[in-house]
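Reviewing the structure listed below.
The values are calculated or read from the model by the stated rules, or taken from the named source; none is laboratory data. None of these values were measured; they are calculated from a predicted model. Ideal geometry is used to build each Cβ from the backbone, glycine not excepted, and the neighbour counts take in all protein chains shown.
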Amino acid sequence: MQFSMDEYSRLSGRDEVERESLPPLAIPVWEIRPIGEAQEPPIICPLREEFPSPPPRTNWQVPLFLFVATCVSTFWVAWIDTLRWDYAAIYSICLMTILVSHEAGHFVQAKRYRVRASLPYFIPFPLGPIGTLGAVIGMSSHVHHRRALFDIGISGPLAGLIPTLIFCVAGLQWSYVDVIIPGHPRFGEPILLKWLFRWQFGEIPPGHDVYLHPMAWAGWVGLFITSLNLIPIGQLDGGHILYALMGRDARRVATGLLMAAVALVVVSAYWWWLPMLLLLFLLGPKHPPTADDRIPLDVGRRILGWLMLGFVVVGFTPRPVILEDRPPRQRPTPRPEYRMPLPPTPEWEREEHQPILVDNTLFRANDPSWFARSLKGKEFSKDNLFAAAPS
């Protein structure tokens, strides 16, 4: 097939954004050879051999049911903790706003680059202090190029981080500092939240902690979920960003980080991370390649990508739940035996009526004749007088 110069100008003159949004089979790939070699007409090569399958039918019933169930579970855990329906509603609305913003960022960018993506599937979990395990989006692994992968991966954390920071700052206005309750579980504080605490409350005295308003509590959960997704391993959002930045070299970095995470869990004996580690091992540190890894990222995307990966340092807490302040279990004290109360002491047995020994003679302290009888037939002396005197 031969192309005229007009056809060449029409294909090569496309706007860059328009070319990025084209499906893989419509992106022209030109072969350029040095002068002197046998020239052949330009060839448009498909980026993959398989033709894309038609998009599946959108199933909205299951995502809608899971969304409602997650709203109920987040409301339930907040009501169990506060016993106030208004606090539970504030927490549930704020947290679901963060999660919906995060998943909407992924979904919109996937549709922009014509990558097959499902509606978000929220995961309810009414047994923990958070009420949810986040949400997932089913997305095709056939991404056109690294620039599209970068935009899809980073859009979720960016979109979710905006309401997260708003809820953290606004919720701290109604939070307060009080004494730590022994045995009550506490939430770990990432570096960013410690900065906000110092800005709002100043220096917190020892033995005290910040008790978060439900809005700030939802902001804490948003920080934790966002920073957890930005860990550059495998299919996490951070894994997408790292592959877009480094290409196939990202696998070695992800493997090293996964081994470091295992060592950290073993050394700290914080076994709550075992389910997350098991999930990362099942997914693996390897990221699938894009259809064309040769398209590089521009300088702005590179700077933004490294800044977002660095957010893990200030937004992630390795110990999200702290239980060290639980007092040691004490043996229950035995119930004392029931004893019948003793009858009242007779008046003649009370202490003030007990006899007093004076010169080998017994007297009662309330006897008015004690002094006369004690000295009868005896020589009056100062010692006898004081010895016979009642106490």
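Brief remarks follow.
Quick grid of which residues meet (1) assigned by TED's automatic domain parsing to the domain that holds Val313; (2) in a helix (DSSP H, G or I); (3) among the hydrophobic types (A, V, I, L, M, F, W, C):
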{"residue": "Arg147", "(1), (2), (3)": "yes, yes, no"}
{"residue": "Ser155", "(1), (2), (3)": "yes, yes, no"}
{"residue": "Leu161", "(1), (2), (3)": "yes, yes, yes"}
{"residue": "Phe167", "(1), (2), (3)": "yes, yes, yes"}
{"residue": "Ala170", "(1), (2), (3)": "yes, yes, yes"}
{"residue": "Gln173", "(1), (2), (3)": "yes, no, no"}
{"residue": "Ile181", "(1), (2), (3)": "yes, no, yes"}
{"residue": "Phe197", "(1), (2), (3)": "yes, yes, yes"}
{"residue": "Trp220", "(1), (2), (3)": "yes, yes, yes"}
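- Matching entry among Gly247, Gly239, Gly284 (being of a type in the set (Gly, Ala, Ser) and closer than 30 Å to Ser92 by Cβ): Gly239
- Yes/no for Val115 being surrounded by fewer than 18 Cβ atoms within 10 Å (Cβ to Cβ) and within 22 Å of Leu297 (Cβ to Cβ): no
- Candidates Leu245, Leu280, filtered to the one that is part of a helix (DSSP H, G or I) and touching a Lys or Arg at 6+ places or on another chain (Cβ under 9 Å): Leu245
- Residue list for the stretch 247-262, filter: surrounded by 12 or more Cβ atoms within 10 Å (Cβ to Cβ) and farther than 27 Å from Pro320 by Cα: Gly247, Ala250, Arg251
- Among the residues of the stretch 138-153, not a single one is under 26 Å from the mean Cα position of the chain (by Cα), among the aromatic types (Phe, Trp, Tyr) and farther than 19 Å from Pro232 by Cα.
- Enumeration of residues in the stretch 263-277 that are assigned to a helix (DSSP H, G or I) and either surrounded by 14 or more Cβ atoms within 10 Å (Cβ to Cβ) or in contact with a strand residue (DSSP E or B) (Cβ under 6 Å, 6 or more places away or on another chain) (or both): Val265, Trp273, Leu277
- If you go through the stretch 114-138 and keep only what is touching a helix residue (DSSP H, G or I) at 6+ places or on another chain (Cβ under 6 Å), assigned to a loop (DSSP other than H, G, I, E, B) and of a type in the set (Val, Ile, Thr), you end up with Ile130, Ile137.
- Output for the stretch 280-318, where each listed residue is over 18 Å from Asn229 (Cα atoms), without any contact (Cβ under 8 Å) to a residue 24 or more places away in the chain and hydrophobic (A, V, I, L, M, F, W, C): Val299, Ile303
- Any hit, the stretch 107-120, residues being assigned by TED's automatic domain parsing to the domain that holds Cys71, in contact with a Pro (Cβ under 9 Å, 6 or more places away or on another chain) and under 13 Å from Asp151 (Cα atoms): yes
- Within the stretch 199-218, considering residues that are of a type in the set (Phe, Trp, Tyr) and part of a helix (DSSP H, G or I), the one surrounded by the fewest Cβ atoms within 10 Å (Cβ to Cβ): Trp199
- Restricting Ala159, Ala104, Ala117 to residues that are farther than 24 Å from Pro320 by Cβ and at pLDDT 95 or above narrows the list to Ala104.
- Ser141 vs. criteria assigned by TED's automatic domain parsing to the domain that holds Leu212, surrounded by fewer than 23 Cβ atoms within 10 Å (Cβ to Cβ) and either assigned to a helix (DSSP H, G or I) or at negative phi (or both): yes
- When each of Met276, Met259 is tested for being assigned by TED's automatic domain parsing to the domain that holds Leu228, touching a helix residue (DSSP H, G or I) at 6+ places or on another chain (Cβ under 9 Å) and either polar (S, T, N, Q) or farther than 25 Å from Arg147 by Cα (or both), the lone residue that passes is Met276.
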